[in-house]
Amino acid sequence: MSTTSRGTDLDDLIADVEARNPGEPEFHQAVRDVLAPLGPVLEAHPEYSRARILERLVEPERQVIFRVPWVDDEGDVHVQRAMRVGFNSALGPYKGGMRFHPAVTLGTIKFLGFEQVFKNALTGLAIGGGKGGADFDPKGRSDGEVMRFCQALMSELYRHIGPDQDVPAGDAGVAAREIGFLFGQYKKITGHYAAGVLTGKGTGWGGAQVRTEATGYGLVYFAREMLAARYEDLDGRTVVVSGAGNVSLFAIEKAQELGATVVGCSDSSGALHDPDGLDLDLLKTIKLEERGGLGEYVERRGGEASLDEGATPWGIPCDVALPCATQNELDEKDAERLVKNGTTLVAEGANMPCTDEAIAVFRAADGVAYAPGKASNAGGVAVSAFEMQQNASRAGWSFENTDERLQTTMREIHETCRRTAAEHGLQDDYVAGANIAGFLRVAEAMLAQGVV
Ligand code: NDP
C-alpha cells in the first residue's frame, strides 16, 4: 500500500484493498460502501489523510485462523476452520458476533468485522469492532455434537479473547445454546468466571434482558423513527420480513405489537406468504423449538398460507420490507418488484442484505426511505454492550429498563444519521449519515491515539 502521497485517493485505495485481499468480494463491497460518501469529509479533514486513517481502517488489527477438530455422534472426526478478526480497537475491546455457517470464509468475517467497526461507533458506546466464525453447519447436528464443536473451538479461541480485549457474541448459527457451551469451556480452561468475556449469555447467569430480542426489536424501533420523520407510523402497515431466525422472529414480534400485519417471511426452503398475518407462536415453535422448516408452518396453519419453494419473499406486496436473513439476499430485480408494489420503507436487519444495485434502485425511487444495517440493526450490539456494563458492575437491569435504553439508543442512532447527513447537504440520506458519523467517531479516536 502506497505511503508516499499525502492525500487519500478513494479509488486508488479501493483498488489497493481489492489487490491485497483477493477472492473476498463481500469485503470489497463493504469497503466500497463505507468509503463512497467520505470524499468531502476527507477534504475537510486533511489530518486524517496525513495520519493514514483510512489505510489503517481497511487493514484488520489482527486475524487469527485455526483448526477445529471434533468428533460426531458416530465417532467420525471432522475438521473445521475457525477464525476471529479484530478489526479496530480505537473505541473499546473488539466486539462482534461469531457466525457458524458452512459458507463462512475469511472474506465473510472481514466484511462483517469491517461493518461492525462503524456500527459499533454509531451506538456511541465504548466498543471496537471484530467478528468471528467457523465453517461449521449446526443444521441437523445433535446438542452433543454442537457442544463438542463449541468446546473444541473455545480450546483455541480462549487465548485471544477477554472482557477488555475481545468479546464475542452470537450471529447466524450461534445463539443461547452455543454461547452457553462456549462460555462453559472458557470457564473450564481458564478457571475464571469472567462473565464479560461473551455476551448473549442466559439471563440466569450474567446475560442481559432483551439481548435475544434486541436486533429485531431495535430494527423495528429504527423503522418507527424513519416513519415518524415522515409523520407516519407502523399501525395498519403491511410488513414482509426475510429469514425466520433470531433477528426476523423478534422483528415480526415487535412489528405486530406496534399494529402492523406481517404477511411474509422466509428461510432456506423458500418464501412463506400468509395473507391473514403470520401466526408468530406457531412460527416460533417450528423455528426455535423444533428447528424445522416453513413447509411445516403451511401444513399446520392451513388457510391461505403458502410456501414458494426456493423463492425470496420480495414479490409479496408490502409497505415495509425488512431483510433479515443474510448478505446479498435482495438484488436489483427484487428491489424493482418492491418499488413497483408500493413499498416505501426498507430497513436492513441483516448485515449487507441488499446488493449495491438494489440499494441504487431504492435510493433512486421517489418516496422510498432506505436504512443500512449498520444503523438499523445496531440494537443487538448495543444491548451486548449493556450486558458488558452489567457484568463489569455485577448488576442486573430489568427487561423494561433495558428495552427503554434500547429504544433511546435506536432513536439516537436515527438522529445521528439524519443530522450528519443534513450537515453534509444530504437530506434524508441514511447511508451517508451512518457511514460518515461512524467514520468520524473512529477517526477522531485513532488520531488521538497516535500511529498504532
Ligand atoms: P439465524 O441463523 O438465527 O437466522 C437466519 C435466517 O435466515 C434463518 O431463518 C435462515 O434459514 C435464513 N437464511 C439464511 N441464509 C438464507 C438464504 N441464503 N436464503 C434464504 N434464507 C436464508 O441468524 P440471525 O437472525 O442471528 O442473523 C441474520 C442476519 O442478521 C445476519 O446477517 C446477521 O449477521 C445479522 N445480525 C444478527 C444479529 C444478532 O443479534 N443475531 C445482530 C446484527 C446483525 P433457515 O432457518 O432455513 O436456516
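The values are calculated or read from the model by the stated rules, or taken from the named source; none is laboratory data. Source: prediction; values computed, not measured. Counting neighbours? That spans all protein chains shown, and the Cβs are built from the backbone with ideal geometry, glycine included. For the accessible areas, the whole protein counts, side chains as well, though only heavy atoms, and no ligand, DNA or RNA atoms are used. Shrake-Rupley method; radii C 1.70, N 1.55, O 1.52, S 1.80 Å.
Values as computed for the structure displayed
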read-out: Antiparallel content of DSSP bridges confined to the chain, in %, to 5; value: 60 percent
read-out: Hypothetical label at Lys139: residues of segment 323-359 whose amide nitrogen lies under 18 Å (7 Å Cα-Cβ projection); value: 324-330
read-out: Part-to-part distance (alpha-carbon centres) for segment 323-383 and segment 64-142, which is given in Å; value: 24 Å
read-out: Label point distance in nm, Glu59-Ala36, each placed 7 Å from Cα along Cα→Cβ; value: 2.7 nm
read-out: Highest to lowest packing among 308-317, 152-161, 63-72, scored as the average C-beta count within 10 Å; value: 152-161, 308-317, 63-72
read-out: Using a Förster distance of 22 Å, the FRET efficiency for Val452-Asp9 (Cβ separation, nearest 0.05); value: 0.35
read-out: Residues with amide H under 5 Å from that of Arg62, placed H, sequence gap 5 or more; value: Gly86
read-out: Residues of the chain: accessible area per residue with a 1.4 Å probe, Å²; value: 40 Å²
read-out: Helix-derived mean residue ellipticity, 222 nm - over the chain, DSSP H n ≥ 4, -39500 (n - 2.57), to 500; value: -14000 deg cm²/dmol
read-out: Prolate/oblate/rounded label for segment 329-446 (Cα gyration tensor, a/c 1.5); value: prolate
read-out: Calculated from backbone phi, Karplus (6.51, -1.76, 1.60) coupling profile of segment 183-191 in Hz, x at Gly/Pro; value: 5, x, 5, 4, 4, 5, 6, 8, x
read-out: Net lengthening on full extension, Val77/Asp164 (0.36 nm per residue, minus Cα-Cα); value: 27.9 nm
read-out: Under 10 Å, Cβ to Cβ, from Ala255 - net charge with Lys/Arg +1 and Asp/Glu -1; value: +1
read-out: Heavy-atom accessible surface of the chain: percent carbon and sulfur, 1.4 Å; value: 47 percent
read-out: At R0 = 60 Å, FRET efficiency that the Cβ-Cβ distance of Arg291 and Glu47 yields, to 0.05; value: 0.70
read-out: Built amide H within the under 5 Å cut-off of Ser266, gap 5+; value: Gly243, Ala244, Leu272
read-out: Residue (of Val117, Gly173, Val241) at the positive-pole extreme of the chain, dipole from beta-carbon charges; value: Val117
read-out: Trypsin sites (Lys or Arg not before Pro) restricted to segment 272-352 and DSSP loop, no more than 12 other C-beta within 10 Å; value: Arg291
read-out: Segment 240-255 - phi-based ³J(HN,Hα) in whole Hz, Karplus 6.51/-1.76/1.60, Gly and Pro as x; value: 10, 10, 9, x, 8, x, 4, 5, 4, 4, 7, 5, 4, 4, 6, 4
read-out: Whole-angstrom Cα spans of the chain along principal axes, big to small; value: 67, 57, 43
read-out: Net +/- balance of residues flanking Gly236 in space, Cβ distance below 14 Å, scoring K and R +1, D and E -1; value: -3
read-out: Distance in nm between pseudo-label sites at Asp233 and Asp279 (7 Å out along the Cβ direction from Cα); value: 2.9 nm
read-out: Using a Förster distance of 22 Å, the FRET efficiency for Ala392-Arg177 (Cβ separation, nearest 0.05); value: 0.30
read-out: Environment charge of Asp276, counting only residues whose C-beta is closer than 11 Å and scoring Lys/Arg +1, Asp/Glu -1; value: -2
read-out: Alpha-carbon centroids, segment 184-208 and segment 38-58: separation in whole Å; value: 39 Å
